[in-house]
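Read through the structure below, which is laid out as structure tokens, and then see the notes.
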Amino acid sequence: MSIDPQALQQALGRIQPHAIDAHLRFLSHELLEGRAPGTRGGTLAMEYIRAQFQRIGLDPVGGAYLQDVPMVGLTPHPTLAFATPQGPAEPRYEEEYVLEAGVPEERVEVDAELVFAGYGITAPEQGGWDDFKDVDVRGKVLLVRVNDPGTADTPDFFGGRALTYYGRWTYKFEEASRRGAAGALLIHTDESAGYGWNVVRTSNTGTQYGLAGAPEFPLQVRGWISQATARDLLARAGHDYDALIRDSDSRGFRPLTTGVRVRASVRSEVEPVRTANVVGLLPGADPARAAEPVVLTSHYDHLGVREGADGERRIHPGAYDNASGVSLLLAIAEAAASMPVRPPRPLLFVTTTAEESGLIGSEWYARNPLFPLATTAAALNVDGANLQGRTTDITPIGADRSTLGDVVRAAAAAEGMETRPDPHPEQGIFYRQDHFPLARAGVPALALDHGLTFEGRPEGWGQRWYEDFVTNHYHQPSDNYREGWDYAGALQQGRTMLRTALSVAWGDALPQWNPGAGFTRR
């Protein structure tokens, strides 16, 4: 069955820059105080989106526009010290380390050996890679590198230059928990993380969020330390940091008991958090396909109010990240709802909570889906709308993994753009957006990131803009609303997303994962 061309053109024409701007202006306003989950500002954002879904004409699901996500907030007050052969070392909180409890308890204490575990990876399918070998690390605190062993020179090994899930910080904590460790400290470098220590500080201080109840991957403590701190600690125990890093790049690496002892304490203010994903349904025309929705997602939360390095508390508005994505999604939803002819499959719009805390809202949906995941057609995510003008390209993250790639390439071409691969594969963006929990649950999924080749700009301007944003504005108070943004690129991005969604909703067959994608329908 083919898409109705008249209905498509009418819908595309309804995505308007003034609507995107109006939503974005409100959602990033200082009155919403950075939209942290469960806060007044986060609740205002949630209620605003619910009202917009209702105004647009989307239906509630199961009688509700809100899917409650039970969460807990922990505000940590940590201390961290190390006993080394050369005496005690006490790094400075926020400047040299961040630390939180990995369990929802008011106080945790750890006194344990520090073990350097390389990348902290066990990956049998990667030639039997195992950083742990037969070493028992139960009750230890692991010192772990971020990223994975793949390089541009080894394209078939850990994804080559492209980061695999094994390289993500979430995996490191999960594997440490599976191994029975008491805690894990990740070594930060700008290159391995893809962002500076300023992002680590703002993202991992203040209230931290998790799902309520017993955590799936408990650790007593978990956090990050700077590379300079790790180097100093190892040197105090007679170890050469650079040599250990080189050793851990080899398959024969074994965990090293460093001779350093960790003494950590975290006192936490523990509070229940009331928050929710906001959902709105555009029903399909074919009752036989009512359980085959195309899911369109974007997260509405941000960091709230955080204390800076100077001790001042500041609002983090999260305009680009991700009030812009939600604003674009609302414009897409309004356009789709205006169609006089409905596609056979439904469109389910989901704005998620607590993405900044580790894709929690999306993970909750994947565990508690409103429609069967086995028949969910696809998941499309937007995180960051293009506010800088038209581009000649677009970057659908994950397009090479499923048959959605052909659909999005055709949609982009219809908008005069070519699709390009992720320009920063080493940063693992596929695993950092809200489509990923659905992909892991078997639903073909991708993220519609905008391109960086801007019309009328000098060559390389887009890359320079991206680097400036990551260095100076990502997860910082300066990510705020600005007059005069150029929404022409957002229109391209939104029209491509809507074309893709409607093509799937009108398509004969469900999208499928490609062989070797690492995911399968369940």
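The values are calculated or read from the model by the stated rules, or taken from the named source; none is laboratory data. Every value quoted in this text rests on a predicted model; they were computed, and no experiment measured them. Note: ideal-geometry Cβ built from the backbone for every residue, glycine included; neighbour counts use all protein chains shown. Each accessible area value is taken on the protein alone, full model and side chains, heavy atoms only, with ligands, DNA and RNA left out. Shrake-Rupley method; radii C 1.70, N 1.55, O 1.52, S 1.80 Å.
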If amide H atoms are modeled at 1.01 Å from N in the peptide plane, then the residues at a separation of 5 or more from residue 113, or on another chain, having amide H under 5 Å from its own are 141, 262
In this structure, the FRET efficiency calculated for residue 247 and residue 508 from their beta-carbon separation, with R0 = 56 Å, to the nearest 0.05, is 0.55
By the Kirkwood definition, with r running over pairs of different Cα atoms, the stretch 142-257 has a hydrodynamic radius in Å of 15.6
Stokes-Einstein D for the stretch 417-461 (4 °C, 1.567 mPa s, Kirkwood Rh from Cα pairs), in µm²/s, comes to 104
Shape call for the stretch 386-495, from the Cα gyration tensor axes a ≥ b ≥ c (a/c under 1.5 means rounded, otherwise prolate when a/b beats b/c, else oblate), comes out oblate
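If you take every DSSP beta bridge fully contained in the stretch 287-427, what fraction is antiparallel? Give it as a percent rounded to 5.
In the stretch 287-427, approximately 25 percent of DSSP beta bridges are antiparallel ones.
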The ³J(HN,Hα) series, computed from each phi in the stretch 441-446 with the Karplus coefficients 6.51, -1.76 and 1.60 at θ = phi - 60°, rounded to the nearest Hz and given as x for glycine or proline, is 8, x, 8, x, 8, 7
Square roots of five times the C-alpha gyration tensor eigenvalues of the chain, ordered largest first and given in whole Å, equal 40, 24, 22
With x for Gly and Pro, the residue-by-residue ³J(HN,Hα) of the stretch 345-350, computed from phi through the Karplus equation 6.51 cos²θ - 1.76 cosθ + 1.60 at θ = phi - 60° and given in whole Hz, is 8, x, 10, 10, 9, 10
Here the net charge surrounding residue 151, from other residues whose Cβ is less than 12 Å away from its Cβ (Lys, Arg +1; Asp, Glu -1), is -4
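Using a Förster radius of 41 Å, what is the FRET efficiency between residue 95 and residue 214 based on their Cβ-Cβ separation? Nearest 0.05, please.
The value I calculate is 0.80.
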re the stretch 9-113: pairs of Cα atoms spaced beyond 20 Å account for a percent value of 65
Within the under-15-Å Cβ sphere about residue 511, not counting residue 511, Lys/Arg +1 and Asp/Glu -1 give a net charge of +3
Along the stretch 201-213, Karplus-curve 3J(HN,Hα) (6.51, -1.76, 1.60; θ = phi - 60°) to the nearest Hz, with x for Gly and Pro, reads 5, 5, 7, 10, 10, x, 5, 10, 10, x, 5, 5, x
Distance in nm between residue 463 and residue 274 label points, each 7 Å along Cα→Cβ, equals 5.0
Among GluC sites (Glu not before Pro) in the stretch 71-170, those in a DSSP loop whose Cβ has at most 15 other Cβ atoms within 10 Å are 95, 105, 106, 125
Excluding ligands, DNA and RNA, the carbon-plus-sulfur percentage of the accessible area of the chain with a 1.4 Å probe reads 49
Computed on Cα atoms, the radius of gyration and Dmax of the stretch 59-178 in angstrom are 19.1, 65
P(r) over all Cα-Cα pairs of the stretch 234-297, 10 Å bins from 0 to the longest distance, whole percent per bin, short to long, reads 13, 20, 12, 12, 22, 16, 5
With +1 on the Cβ of every Lys and Arg and -1 on the Cβ of every Asp and Glu, the dipole magnitude of the chain about its Cα centre, in debye rounded to the nearest 20, is 840
